[in-house]
Amino acid sequence: MTGKLDSLLEEVGASRLRGPHCYEMYAGTERFEEIAEARPGTFFLTDWLVRNFDRAVIKGLGLDREPELKSMVFGNYEALLFLRQVPNPRLAVKAREIADYLGLPLEISDVGLGELEDRLAELIDA
C-alpha cells in the first residue's frame with residue numbers, strides 16, 4: 001500500500017514538503033546524496049529523534065522487550081550522524097548515549113533548518 005498519503009492530501013487540499021524525508025531536507029539535497037553515496041551505512045538522527053529515541057525506537061521497535069533485535073535492526077550500520085538543528089548540550093549528551101547503546105561512532109553536524117525554510121516557502125508560494 002503506497003501512495004495513500006498523497007491521495008489523502010489531495011482529497012483535503014493539502015500539500016507536503018518536497019523530498020523523500022527529513023534527513024535529506026535538514027542535510028540539504030546535495031550533502032545528503034554525498035553522505036548516502038560515500039557512507040551508506042550511516043544512521044541519521046535529528047533533534048526530534050534524539051529526544052524521542054527511547055519511545056520511538058527502543059520501545060517502538062520492541063528492543064526493550066526483545067534486546068536481541070538490536071543487532072538485527074542496527075547490525076549493518078557503521079556510523080551515527082546527528083543532523084543537529086539547534087545546538088543543545090543535553091541533546092549532544094543524549095546522542096552520545098544513543099551512539100554508545102548502538103555501538104556506533106557519533107558525528108554531530110550543525111545543520112540548522114537546512115532546506116526547510118525554502119521548502120515551506122515553496123508551499124506558500126504555490
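Each value in this text was obtained by applying a stated rule to the coordinates, not by laboratory testing. Being a predicted model, the structure only gives us computed values, none of them experimental. Cβ sites come from the backbone with ideal geometry, for glycine too, and all protein chains shown count toward neighbours.
With the structure loaded, tell me whether LEU106 is farther than 27 Å from GLY19 by Cα, in contact with a helix residue (DSSP H, G or I) (Cβ under 9 Å, 6 or more places away or on another chain) and either surrounded by 16 or more Cβ atoms within 10 Å (Cβ to Cβ) or of a type in the set (S, T, N, Q) (or both) or whether it fails that test.
When the stated conditions are applied, LEU106 does not pass them.
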Report summary line: Being of a type in the set (Lys, Arg), in a helix (DSSP H, G or I) and either surrounded by 17 or more Cβ atoms within 10 Å (Cβ to Cβ) or in contact (Cβ under 8 Å) with a residue 40 or more places away in the chain (or both) narrows ARG51, ARG55 down to just ARG51
Query - Top-ranked residue of segment 58-82 - restricted to ones that are outside any loop (DSSP other than H, G, I, E, B) and in contact with a strand residue (DSSP E or B) (Cβ under 6 Å, 6 or more places away or on another chain), ranked as surrounded by the most Cβ atoms within 10 Å (Cβ to Cβ) - result: PHE82
Query raised in the report: Regarding ALA95, is this residue in contact with a Pro (Cβ under 9 Å, 6 or more places away or on another chain) and surrounded by 15 or more Cβ atoms within 10 Å (Cβ to Cβ)?
Result: no
Query raised in the report: Restricting attention to segment 89-123, which residues are part of a loop (DSSP other than H, G, I, E, B) and small (Gly, Ala, Ser)?
Result: GLY103, GLY112, GLY114
Query raised in the report: Taking only pairs six or more apart or across chains, which ones have beta-carbon atoms under 7 Å, a first residue in segment 111-126 that is within 11 Å of ARG16 (Cα to Cα), and a second residue that is among the charged types (D, E, K, R)?
Result: ARG119/ARG18; GLU122/ARG18
Query raised in the report: Inside segment 1-43, counting only helices (runs of 4 or more DSSP H) that do not spill past its ends, which hold 2 or more residues that are among the hydroxyl-bearing types (Ser, Thr, Tyr) and closer than 25 Å to VAL57 by Cα?
Result: 22-27
Query - First in segment 16-41 and farther than 12 Å from LEU116 by Cα, second anywhere and polar (S, T, N, Q) and part of a loop (DSSP other than H, G, I, E, B), Cβ under 8 Å, 6 or more apart - result: GLY41/ASN76
Requested in this report: Take the residues in segment 7-28 that are within 14 Å of the chain's Cα centre (by Cα) and of a type outside the set (A, V, I, L, M), then tell me which one is farthest from ILE98 (Cα to Cα).
Outcome: GLY19
